[in-house]
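**Student:** Questions regarding the structure given below will be posed in turn.
The values are calculated or read from the model by the stated rules, or taken from the named source; none is laboratory data. Owing to the predicted nature of the structure, the values given are computational and were not obtained by experimental measurement. So basically every Cβ, Gly included, is an ideal-geometry build from the backbone, and we count neighbours across all protein chains shown.
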Amino acid sequence: MAWSQEAPQTDPGTANLGEVVVTAQRRSENLQRAAASVSVRTGQELEAEGKYTLSAILEDIPGVTGGAATFAASSPGSSAGTDSPAAGLNFRGIPSNTGIGGSSTAVATSAAIYVDGVYSGVGGSYDINRVEVLRGPQGTLYGRSATTGVVTVRTNDPGLSEFGFNATAEAGNHDLRHVTGAVNVPIIDGKLGLRLAGNYFDRDGYFSAGDAITNKDLRAKLLYQPTEDLSVLLGYAQQDNTQHSGGVTFNVSATDPESYIANPNPIGDGENAFKQYWAEFNWSLGDMTLTYIPAFRTWESVARNIAIIAPPAGPFPGLGADQIITTPTDEFITHELRLASGTGSRLTWQAG
């Protein structure tokens, strides 16, 4: 069950198709005029449908499956695998490379994830404004790791005039606890605002007691707009993930191929942590707009793999494996500098 702040209802007699503004092509434009295959999901829609993970957000978008590779799929007990979140995306049946044998590997993905304009950005699963999905090669505007498509997530920016907050709580079986919320504080009316958002998710395993998955997220955004022509956004985000696996393993019986034998299996665990600092500068120069987005992101992981290689046989214990995988902190620095035509220009162009 879940509790959430209710959205305002629309009178069916006055409902119409409103204008949907997207930035999929690196500029604000009406979705119906965008010369690209774009699917859009607003934050209000996702909250009403209870969709918080990227895999759930993308489940009804044609040609796209998967989600952010927060945890490794190749290794029990390891939340490492890859420091490239887009490794979990699959556009039109074309997957990305993945880490090998539980190793923590940076890979070149076939698709790309952008959060608030930052490549492989952090914090794209809560306090969402909209999600835009572009299918097909997007290398011209998004770089080499966008061969099959791009998912761009825009979170809510600080408001400069009104104080506000929202919160959502969810509970379910296997001791599911999920809380997310945000608070908006105008510091200088019309010029300076702060928005804090957080997310906490915890759920037990199916076959063993204890926390199977735990996610802790935090984001802070400070927006300064001294004039109509200049805006400066400063942001910080962090994400801490913990995953446990094990508890029970199932093996086919040697005497009866149609039956299974359940064996206890030690609990393996893995942890990874993301931190990100970024900024976005927008300066209107009459008929042109200059945009600069610098970002610094770190990722580190410690995982413990525990696996039963062979089941117990008579008085002999089963063969097992216990391995600790520690990954030194990876650091990523990205810069984007873009000069684009104004909204009223007869010729639409951009360079960067």
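**Student:** Please determine, by comparing only the residues of segment 184-195 that are assigned to a strand (DSSP E or B) and not aliphatic (A, V, I, L, M), which one is farthest from Asn215 (Cα to Cα). Walk me through how you get there before you give the answer.
**Tutor:** Here is the first cut: in segment 184-195, the residues assigned to a strand (DSSP E or B) are 184-188, 192-195.
Pick out the ones that are also not aliphatic (A, V, I, L, M) and you get 184, 186, 193, 195.
Details: Asn184: 23, Pro186: 29, Gly193: 27, Arg195: 20 Å.
For segment 184-195, the residue satisfying everything is Pro186.
**Student:** When the residues of segment 206-225 are narrowed to those that are more than 22 Å from the chain's Cα centre (by Cα) and over 11 Å from Leu160 (Cα atoms), which ends up modelled with the highest pLDDT?
**Tutor:** Among them, the one singled out is Tyr206.
**Student:** Out of curiosity, is Ala212 over 30 Å from Val38 (Cβ atoms), loosely packed, with under 14 Cβ neighbours inside 10 Å, touching a strand residue (DSSP E or B) at 6+ places or on another chain (Cβ under 6 Å) and touching a residue at least 12 places away in the same chain (Cβ under 8 Å)? Steps first, please.
**Tutor:** Numbers: over 30 Å from Val38 (Cβ atoms): yes; loosely packed, with under 14 Cβ neighbours inside 10 Å: no; touching a strand residue (DSSP E or B) at 6+ places or on another chain (Cβ under 6 Å): yes; touching a residue at least 12 places away in the same chain (Cβ under 8 Å): yes.
When the stated conditions are applied, Ala212 does not pass them.
**Student:** Out of segment 61-95, which residues are modelled with pLDDT of 75 or more and farther than 25 Å from Thr155 by Cα? Write out each step before concluding.
**Tutor:** The first filter runs over segment 61-95 and keeps only residues modelled with pLDDT of 75 or more, leaving 61-66, 84-95.
Passing the criteria: Arg92, Gly93, Ile94, Pro95.
**Student:** Right, something else. Does segment 120-155 hold any residues that are free of Cβ contacts under 8 Å to residues at least 12 places away in the same chain and among the small types (Gly, Ala, Ser), and which are they?
**Tutor:** Of everything in segment 120-155, just one residue is free of Cβ contacts under 8 Å to residues at least 12 places away in the same chain and among the small types (Gly, Ala, Ser), namely Gly139.
**Student:** Can you report the number of residues in segment 222-246 which are β-branched (Val, Ile, Thr) and in contact with a strand residue (DSSP E or B) (Cβ under 6 Å, 6 or more places away or on another chain)? Outline the logic, then answer.
**Tutor:** Pass one, segment 222-246, residues β-branched (Val, Ile, Thr): 227, 232, 242.
Now restrict to residues that are in contact with a strand residue (DSSP E or B) (Cβ under 6 Å, 6 or more places away or on another chain): 232, 242.
Looking only at that region, the number is 2.
Listed here are the residues, each with its yes/no results for (1) modelled with pLDDT under 75; (2) surrounded by fewer than 16 Cβ atoms within 10 Å (Cβ to Cβ).
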site	(1), (2)
Glu228	no, yes
Gly235	no, no
Thr242	no, no
Gly246	yes, no
Ala254	yes, yes
Phe274	no, no
Asn282	no, no
Leu285	no, yes
Met288	no, yes
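Residues are listed down the side, and each one gets a yes or a no for (1) assigned to a strand (DSSP E or B); (2) touching a strand residue (DSSP E or B) at 6+ places or on another chain (Cβ under 9 Å); (3) hydrophobic (A, V, I, L, M, F, W, C):
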| position | (1), (2), (3) |
| --- | --- |
| Arg130 | yes, yes, no |
| Thr140 | no, no, no |
| Ala182 | yes, yes, yes |
| Ala197 | yes, yes, yes |
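**Student:** OK, next. Here are the criteria: (1) closer than 30 Å to Tyr224 by Cα; (2) at pLDDT 80 or above. Tell me which single one Gly344 does not satisfy.
**Tutor:** Checking Gly344 against (1) closer than 30 Å to Tyr224 by Cα; (2) at pLDDT 80 or above, the one that fails is (2).
**Student:** Pick from Arg144, Arg177: which is under 22 Å from the mean Cα position of the chain (by Cα), basic (Lys, Arg) and within 29 Å of Ala112 (Cα to Cα)?
**Tutor:** Arg144
**Student:** For Ala310, only one of the following conditions fails: (1) at pLDDT below 65; (2) assigned to a strand (DSSP E or B). What is its number?
**Tutor:** Of (1) at pLDDT below 65; (2) assigned to a strand (DSSP E or B), only one is false for Ala310: (2).
**Student:** Which ones in segment 37-53 are modelled with pLDDT under 85 and of a type in the set (A, V, I, L, M, F, W, C)?
**Tutor:** Val38
**Student:** Pick from Pro266, Pro294: which is in contact with a Ser or Thr (Cβ under 9 Å, 6 or more places away or on another chain) and either assigned to a strand (DSSP E or B) or modelled with pLDDT of 85 or more (or both)?
**Tutor:** Going through Pro266, Pro294 in turn, just one is in contact with a Ser or Thr (Cβ under 9 Å, 6 or more places away or on another chain) and either assigned to a strand (DSSP E or B) or modelled with pLDDT of 85 or more (or both): Pro294.
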